1. What single numbered condition from (1) of a type outside the set (D, E, K, R); (2) surrounded by fewer than 15 Cβ atoms within 10 Å (Cβ to Cβ); (3) assigned to a helix (DSSP H, G or I) fails to hold for Tyr62?
2. Please find, among Gln88, Gln96, the residue that is within 25 Å of Ile165 (Cβ to Cβ), touching a residue at least 40 places away in the same chain (Cβ under 8 Å), under 47 Å from the mean Cα position of the chain (by Cα) and assigned to a helix (DSSP H, G or I).
3. Pick out the one residue from Ala249, Ala222 that is over 24 Å from Arg438 (Cα atoms) and touching a residue at least 40 places away in the same chain (Cβ under 8 Å).
4. When the residues of segment 7-52 are filtered to those that are touching a helix residue (DSSP H, G or I) at 6+ places or on another chain (Cβ under 8 Å) and acidic (Asp, Glu), which remaining residue is farthest from Phe141 (Cα to Cα)?
5. Residue check: is Phe312 in contact with a Leu (Cβ under 9 Å, 6 or more places away or on another chain) and modelled with pLDDT under 75?
6. In segment 405-423, how many are touching a residue at least 24 places away in the same chain (Cβ under 8 Å), surrounded by fewer than 24 Cβ atoms within 10 Å (Cβ to Cβ) and closer than 14 Å to Val510 by Cα?
7. Could you check, for segment 427-441, whether at least one of its residues is under 29 Å from the mean Cα position of the chain (by Cα) and closer than 17 Å to Asn483 by Cα?
8. Looking at (1) assigned to a helix (DSSP H, G or I); (2) under 21 Å from Asp113 (Cα atoms); (3) among the aliphatic types (A, V, I, L, M); (4) out of contact with any strand residue (DSSP E or B) (no Cβ under 9 Å at 6 or more places or on another chain), can you tell me which one Ile413 breaks?
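The values are calculated or read from the model by the stated rules, or taken from the named source; none is laboratory data. Note that the structure is predicted; figures quoted are calculated from it, not measured. Backbone-built Cβ (ideal geometry, glycine too); neighbour counts: all protein chains shown.
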Amino acid sequence: MKRIVSALATIWRLASPYFRSEDKWAGGVLLATIVAIELVTVAIDVLINQWRNRFFNALQEYNWAAFVHEAIYFFIVGGIFIIIAVYQLYLNQWLQIRWRKWMTERYLGEWLDEATHYRMQLAGDVADNPDQRIAEDVRIFIEQFLTLGLGLLNSVVTLVSFVIILWGLSEAAPLHLFGLSFNIPGYLVWAALIYAIIGTLLTHLIGRPLIGLDFHQQRFEADFRFNLVRTRENSEQIALLKGGDAEHARLSERLGAIIRNWHAIMIRTKKVTAVTQSYGQAAQIFPYVMVAPAYFAHKTQLGGMMQAASAFLSVQGALSFFIGAYRQLAEWLAVIERLEGFERSMAAAHARRHGDIRLAPQAARDITLTDLDLDSPAGVRLVTAENLTLPARQSTLLTGPSGSGKSTLFRAIAGIWPFGRGTITLPAGTTLMALPQRPYFPIGTLAEAITYPILPDGFTRADLTAALADVGLPALAERLDENGHWNQMLSPGEQQRLALARALLHKPQVLLLDEATASLDEAGEANLYRLITSRLPETTIVSIGHRSTLHAFHPCHVAIVRDKGGAREGYVLAEQTRPAPAG
């Protein structure tokens with residue numbers, strides 16, 4: 001019972017925000033209309049049940065006029081049913097797409113807000129495949145919510161409606177056994193109830209493991225797709241390393257997990273299907289067996305027997321809702337569990353967005369690091385800065401051995417690293433841009449790739465053309481409107497030049513270059529640094545690099561060295577040099 005209550009609470013928590021959103025009126029009207037149509041369909045089922053009595057009595061009595069009348073009646077009612085069924089499906093799909101759009105936008109906003117997606121990756125939640133949660137599980141959750149919700153509503157209303165009918169028919173056609181008549185009030189209702197309880201218990205006992213199996217199946221499928229995408233995106237490196245066999249083995253291992261879990265689903269589904277199919281087939285004849293003795297004893301007419309059988313099947317079907325929907329319900333509960341886990345992961349990542357690292361604004365243009373300790377996600381100390389100032393409008397070179405925390409320091413300054421403590425003081429209202437060694441370009445036009453993260457509308461065509469020419473890519477000016485996957489179409493050197501063109505266009509107040517020219521030759525690197533310092537004189541530039549030639553373009557230098565006397569292993573920022581004061 002506790003699990004059922006918990007599941008219902010989770011469903012409410014996932015579903016209710018939409019019906020409190022800005023789209024609540026449209027969504028509420030659509031849902032109310034769909035529910036109203038569902039109630040009308042139950043009413044039509046009741047009318048058809050009553051029609052069965054009159055229609056089959058007309059056949060038994062050879063009453064042609066009554067037969068024609070009932071046939072016309074059926075076509076009219078059936079036509080109405082077809083019309084409302086069509087519009088119920090249409091409105092159902094309309095509600096699904098509105099709800100899915102709102103829920104997907106909400107998840108995208110929370111996932112991308114303040115680098116939550118990045119912190120989830122740092123915490124290891126990337127294995128949960130957020131793309132699967134957003135793209136697939138949201139759709140399944142909404143579809144099954146409406147399908148199962150309307151199915152349950154239909155079953156409840158059907159049960160109430162047909163129990164009354166079936167109870168009355170039990171009185172009209174009393175139970176006959178061995179030539180004796182037994183007056184058991186509502187015996188057909190009790191028979192349907194007992195039949196449904198037995199079937200439901202058997203189905204649940206046998207099918208319960210399907211919930212966990214379906215959960216794991218979705219996870220294995222998503223993991224396999226994720227690794228296929230990674231293989232495609234890194235095809236060049238895999239080809240250079242001749243890693244085809246290794247990738248094949250790795251992907252085959254993940255495919256094996258899918259197949260093993262699927263075999264377990266097959267075995268369990270076979271058992272559940274054996275029960276449900278046996279139950280369903282027996283249900284087709286069971287009501288006739290119950291009523292036939294009364295018919296042959298001339299206690300009821302053919303129409304009464306057909307109506308009783310139809311009403312019995314309706315009651316039994318309503319009571320057996322969970323039997324027919326068990327597999328579907330198991331898949332839905334697995335989706336609910338995944339979405340709940342995704343929301344928990346986003347909430348946890350949002351809560352630790354800065355950790356104990358305080359980002360403080362100041363009037364001065366310098367960047368100041370005070371009592372700053374940066375740790376790895378596992379809590380291992382990386383680098384410490386007790387009191388360091390990166391001067392405004394100057395270029396500072398940050399050097400140190402690999403793994404000493406240089407890139408982590410950049411992430412902390414950019415406000416996306418949550419592991420550590422201390423204070424980072426930045427100029428109030430500053431604009432900051434960080435360019436890594438492997439820049440990111442969205443799939444789209446070249447113009448969108450250059451101006452990311454804003455649209456090209458903020459710049460003129462001449463601005464884009466001039467920026468490409470400045471960084472040594474004038475030939476790309478003719479391809480500004482071309483769509484492409486630029487991270488794959490351009491060489492590493494071209495990608496780094498394009499990223500620097502982005503910096504020239506945006507003119508950030510703080511520019512962090514994390515080996516952003518490492519793929520260029522020394523002459524090309526020198527030209528680009530001269531370009532940046534001349535075009536962005538008001539920008540505070542901090543670079544990470546290993547080439548000694550970079551010192552010529554950075555008056556300030558900060559070296560990261562191993563902290564041998566500290567309480568914990570790690571590195572410290574030290575040996576700061578600045579240009580000599582003028583005059």
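1. Of the numbered conditions (1) of a type outside the set (D, E, K, R); (2) surrounded by fewer than 15 Cβ atoms within 10 Å (Cβ to Cβ); (3) assigned to a helix (DSSP H, G or I), the odd one out for Tyr62 is (3).
2. The unique qualifying residue is Gln88.
3. Result of the check over Ala249, Ala222: Ala222.
4. This residue is Asp45.
5. For Phe312, the condition - in contact with a Leu (Cβ under 9 Å, 6 or more places away or on another chain) and modelled with pLDDT under 75 - is met.
6. Qualifying residue count, segment 405-423: 4.
7. Looking through segment 427-441, at least one residue is under 29 Å from the mean Cα position of the chain (by Cα) and closer than 17 Å to Asn483 by Cα.
8. Of the numbered conditions (1) assigned to a helix (DSSP H, G or I); (2) under 21 Å from Asp113 (Cα atoms); (3) among the aliphatic types (A, V, I, L, M); (4) out of contact with any strand residue (DSSP E or B) (no Cβ under 9 Å at 6 or more places or on another chain), the odd one out for Ile413 is (4).
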